[in-house]
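All remarks here apply to the structure that follows.
The values are calculated or read from the model by the stated rules, or taken from the named source; none is laboratory data. Worth saying up front: this structure is predicted, and the values here are computed from it rather than measured. For neighbour counting, all protein chains shown are included, and Cβ atoms are generated from backbone atoms with ideal geometry for every residue, glycine included.
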Amino acid sequence: MANAIDTNVLGNLGLIKQPDVRQANAEMNEDAFLKLMIAQLENQDPMKPMENGEFLSQLAQIESVSGLSDLNKSVEKMATALQSNQALQASSLVGRWVVVPSDNAELWNEIGMAGSVDVPANAGQVMVSIKSSAGELIKQVDLGEQQAGTVNFSWDGVGMNGEQYPPGQYKVEATARIGNEFEAIGTNAIVPVDSVLMGKVGEPMTVSTSLLGNVKLSDVKQIM
């Protein structure tokens, strides 16, 4: 029986392909990468040793693998710390009033209703319509001519029929006459914050309101 051929001899003669460390590095961990590079050094052609630049490049790849792992851990710690800091700051919102986008608004005892509209461009007239849950028109608040921006409105709860409406939620719609045409514009409610909810890392923080439920903290337009 013929003797087995030493693969190291074939390697030294350049008859077998040497491991491609650079390609393997993308698919293996740091320990496997080091073992493969050592095997490459042991089996390299003595007549064509690895270039210093190539060797340093592979060492840099090891540092890159290790550095990315440490960087990911640092980023996770920073994200956790940042979220905790945001939660601490957001907790100060409890009991305060905030302005958030909504087509519903609350009529409160004694203080009435307050909200705002977003006027996209200078308007010849801005009109706010307050309706019941069934869609019945109860009151129209004429804000007159307005410049582009956020415009506040209020309602004391007295309808067009002269009757006082009970506290509760009402639908709010608004239009603006820009040029010669009326167009629908966005409306905002002013509501109190009941609590702050902190989600998992990477999830948005929310504030809880009795009127609108949970609202993303990033959607809060103004703190009163």
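Identify, please: which residue in the stretch 159-216 is among the charged types (D, E, K, R) and more than 31 Å from the chain's Cα centre (by Cα) and is, among those, farthest from Ser132 (Cα to Cα)?
For the stretch 159-216, the residue satisfying everything is Glu181.
Here is a yes/no grid of residues against (1) under 26 Å from the mean Cα position of the chain (by Cα); (2) at pLDDT 95 or above:
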{"residue": "Leu68", "(1), (2)": "yes, no"}
{"residue": "Gly95", "(1), (2)": "yes, no"}
{"residue": "Glu110", "(1), (2)": "no, no"}
{"residue": "Ser116", "(1), (2)": "yes, yes"}
{"residue": "Val128", "(1), (2)": "no, yes"}
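Has the stretch 198-210 got any residue that is free of Cβ contacts under 8 Å to residues at least 12 places away in the same chain, under 25 Å from Ile138 (Cα atoms) and exposed (fewer than 14 other Cβ atoms within 10 Å of the Cβ)?
No - not one qualifying residue is present in the stretch 198-210.
Quickly run through the stretch 108-141 and pick out the residues that are within 17 Å of Asn180 (Cα to Cα) and surrounded by fewer than 18 Cβ atoms within 10 Å (Cβ to Cβ).
Scanning the stretch 108-141 gives Pro120, Ala121, Asn122, Gly124, Gln125.
If you scan the stretch 172-193, which residues turn out to be part of a loop (DSSP other than H, G, I, E, B) and either exposed (fewer than 14 other Cβ atoms within 10 Å of the Cβ) or touching a His at 6+ places or on another chain (Cβ under 6 Å) (or both)?
Gly179, Asn180
State whether the residues of the stretch 212-220 include one that is modelled with pLDDT of 95 or more and assigned to a loop (DSSP other than H, G, I, E, B).
Just the residues of the stretch 212-220 that are modelled with pLDDT of 95 or more, to begin with: none.
Within the stretch 212-220 (the criterion being modelled with pLDDT of 95 or more and assigned to a loop (DSSP other than H, G, I, E, B)), the answer is no, since none of the residues qualifies.
Limited to the stretch 119-171, what total is found for residues that are in a strand (DSSP E or B) and either under 16 Å from Ala105 (Cβ atoms) or in contact (Cβ under 8 Å) with a residue 24 or more places away in the chain (or both)?
29
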